[in-house]
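Visitor: My structure is below; once you've seen it, I'll send some questions.
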Amino acid sequence: MMDYIISWFEHNIGSESSTLEWYWRLAIIFGIVAISFLVDALFSYLVIPAVKKIVEKTETKVDDILLDERVCRAFSNIIPAIILTGALPFVTQGTLEVVLARLTVVYIIICVTRFLCILIGAAFRAYAHLREGKAHSLKGVVQTVQIIVSGIAVILSVSALLDKSPAIILSGLGAMAAVMMLVFQDSIKGLVAGIQLAFNDMLVQGDWITMPSRHVDGVVIEISLTTVKVRNWDNTILTIPPYKLLEESFQNWRGMQQSNGRRFCRQVNIDVRSITFAEGDTTNLQQFRAHLYNYLSNHPAVNTDMTLMVRQLPMVSEGIPVQIYGFTRTKVWQEYEDIQAQLVEYMVASMKEYGLLPFQRSGGLPATK
């Protein structure tokens, strides 16, 4: 058995005309492997810390992200495979050379793919930093690019192991296209929807959205290739396929959040029987509307730089609606609701000063004598 092993090594690693014995060549192979990983270690413990110190001294944070430790380590892992691949033809021959050459090519492909995927993720984080964290809608696109890169790596690896052209491998995959379309249809639809949402700036992480058909009313906390996660105001978390946001309507409140105020629009129906002349041709309702406008114009919580009005809506069977329309300075939900309540309460309370009564249906209460 030992004789067979020695003869195999002599045939595949050395030859009769070789100036080195097979065991010396085998030792050189292990030496090259050791040197390769020693270079990797030196890169990790010397070069990476030096790069880190340099990028920390710069003002911009983009280079900190693109050249962070994870990216640099992924790049350093490529070095051993390159050194080993370049040295193999000088120390091996025959079957072993072919096998090791193919395996090292696959290893290089894996290392390069890992580096590219990490670099793509870092580029996305850098772009999100430049946009002050508002690029999270591109996360699905980034994941798709990483999947495509990984898929190409698999094809190239199989091609290297079988020593076949990648075109032949791709032609064999053509028959599986229909099955892959069926299996990954949500991912494909999610990719298309994610691209539309991202490039049309329709949705980013942190947006408050409402979608009544899906019982969605909350803040977007994550956007991925296949799901959009929303935390509702009751702290429940809902997941929605991205393409559903395009197929069905949803309301994005980002415009309100970025504006100088939040709109209020409340109304009270006036009982028409309480409307009378107050002074000459002036009615008590007209005076009441003028009083409300003056009150709103001087209210510290109302943004008078934006639209502000007290208007009368078309009369209905419940009376004449009087509506206050404007914008609060604050956009904080709790403060906004409190201000709205104050304004409506003031409307109802001040009506009596002008002899006006709100319309109110009889609730079936017993008649008073």
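Visitor: Averaged per residue, what accessible area in Å² does segment 229-369 show with a 1.4 Å probe, protein chains only?
Guide: Ligands and nucleic acids excluded, the figure is 63 Å² per residue.
Visitor: Let me ask another. Go ahead and run the numbers for FRET between Asn232 and Leu313, Cβ-Cβ distance against an R0 of 51 Å, rounding to 0.05.
Guide: About 0.95, to the nearest 0.05.
Visitor: So for the pair Val33, Ala341, with labels modelled 7 Å out along Cα→Cβ, what separation do we get in nm?
Guide: Computed distance between label sites Val33 and Ala341 equals 7.4 nm.
Visitor: At 0.36 nm per residue, and after removing the present C-alpha to C-alpha distance, how many nm does the segment from Lys57 to Ile147 gain when stretched out fully?
Guide: Using 0.36 nm per residue and subtracting the Cα-Cα distance, I get 29.0 nm.
Visitor: Using a 1.4 Å probe on the protein heavy atoms, what percent of the accessible area of segment 187-250 belongs to carbon and sulfur?
Guide: The nonpolar share, carbon plus sulfur, comes to 54 percent.
Visitor: Quick one: grab the alpha carbon gyration tensor of segment 181-315, order the square roots of its eigenvalues as a ≥ b ≥ c, and give me rounded if a/c is under 1.5, else prolate or oblate depending on whether a/b is larger than b/c.
Guide: Prolate, because a/c is 1.5 or more and a/b exceeds b/c.
Visitor: How much length is gained on full extension from Ala50 to Leu103, taking 0.36 nm per residue of separation minus their Cα-Cα distance?
Guide: Result: 15.9 nm gained on full extension.
Visitor: Which value in nm describes the separation of the simple spin-label points at His291 and Tyr127, placed 7 Å from the Cα toward the beta carbon?
Guide: Once both label points are built, they end up 5.9 nm from each other.
Visitor: Order the peptides 146-158, 50-62 from the highest to the lowest mean number of other Cβ atoms within 10 Å of their residues.
Guide: 146-158, 50-62
The values are calculated or read from the model by the stated rules, or taken from the named source; none is laboratory data. In this text the structure is predicted, and so the values were computed from the model without any measurement. As a convention, Cβ positions derive from the backbone with ideal geometry for all residues, glycine included, and neighbour counts pool all protein chains shown. The accessibility values were calculated without ligands, DNA or RNA, using every heavy atom of the protein model including side chains. Shrake-Rupley method; radii C 1.70, N 1.55, O 1.52, S 1.80 Å.
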